[in-house]
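Notes follow the structure.
The values are calculated or read from the model by the stated rules, or taken from the named source; none is laboratory data. A quick note: this is a predicted structure, and the numbers were derived from the prediction, not measured. Don't worry about glycine lacking a Cβ; one is built from the backbone with ideal geometry, like all the others, and counts go over all protein chains shown. Only protein heavy atoms, including side chains, enter the accessible area calculation; ligands, DNA and RNA are left aside. Shrake-Rupley method; radii C 1.70, N 1.55, O 1.52, S 1.80 Å.
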Amino acid sequence: MRNRGERLMYIIVDDRESVANSYVGGLVREGVSSIGFSSGEFWDWLQSASESDLAAVDAFLLGDCDARGSLPRAMRKRSSAPIIAMSGQKMLKNTLELFESGVDDVVHVPIHLREILARTAAIARRRVGELPRPCETRIQVFFNGRDPEIAGHALTLPRRELRILEYMVSNHGKWITKTQIFNAVYGIFESTFDESVIESHVSKLRKKLRDRLGFDAIVARRYVGYRLNIPAGETIDVPMQELDEVGILLNRAHAAPAAYSAGN
């Protein structure tokens, strides 16, 4: 492990340690949790990682490494997160070979990290499809670091409570465990904090949503976890974000910005 931050989780695979460290440092400055692996280290991790650890990964950045042609298909068997190859060769043959290996996109270095974040967001949008924009009377969660809005008014949340809300929205209707939320907020390689901190974060977020909505939007069940509970019959829409708005993005293949009616 070379570094870690908070919020998103990107994994960089590159046999040049200095290059991997450079990307990790840049991503952390953008607010993105990241870790660098050599191809051998990554292969060992990929084979042994749990499903919850893999689900916490938002994207893989594949640099210069051995077995780059075979790694993407192995990665896809265990994760649906976007795989972006970073190439120093601007040759059609090389680009086509990378796409044939199973990556989702190819970028040519040098490239700004925000463009990589934007491309990752675009891959997620294509996978979930385009849905209508929500009207102003709904809860809107933007997944770009912007405060959510309820009935057109911003709900200011601390960074970790916002990340929890984003994660719950992206898993709407599903029971999610304390461990899953912890991994999403603190990163799968965090060891400084205990999972019990999640109970406090969720409790505070739950109260703020209840005060604004007039009902409990988060259901808690002992030994099971938490579930975002929106009244039956409400619709879910996805507000599309322009690429130049991309800052800190939640970008799982199954995640998309969502909106819910503010009425009970």
Worksheet item: Any residue at all in segment 206-221 that is open to solvent by 20 Å² or more (accessible area, probe 1.4 Å), at pLDDT 85 or above, in contact with a Ser or Thr (Cβ under 8 Å, 6 or more places away or on another chain) and part of a loop (DSSP other than H, G, I, E, B)?
Response: no
Worksheet item: Can you name the residue in segment 46-83 that is open to solvent by less than 30 Å² (accessible area, probe 1.4 Å) and in a helix (DSSP H, G or I) and, of all such residues, is modelled with the lowest pLDDT?
Response: L54
Worksheet entry | Pair list, Cβ under 8 Å, 6 or more apart: segment 170-183 residue over 10 Å from S52 (Cβ atoms), other residue charged (D, E, K, R) and open to solvent by less than 20 Å² (accessible area, probe 1.4 Å) | S170/R252
Fill in: Residues that are part of a strand (DSSP E or B), over 18 Å from R73 (Cβ atoms) and among the aliphatic types (A, V, I, L, M), drawn from segment 93-109
V107
Worksheet item: K90 fails exactly one of the following numbered conditions: (1) touching a His at 6+ places or on another chain (Cβ under 9 Å); (2) in a strand (DSSP E or B). What is the number of that condition?
Response: (2)
Discussion item. List pairs: first residue in segment 25-38 and outside any strand (DSSP E or B), second residue of a type in the set (S, T, N, Q) anywhere in the structure, Cβ distance under 9 angstrom, at least six positions apart or on different chains.
Written reply: G25/N3; G25/S34; G26/S34; L27/N3; L27/S33; L27/S34; V28/N3; V28/S34
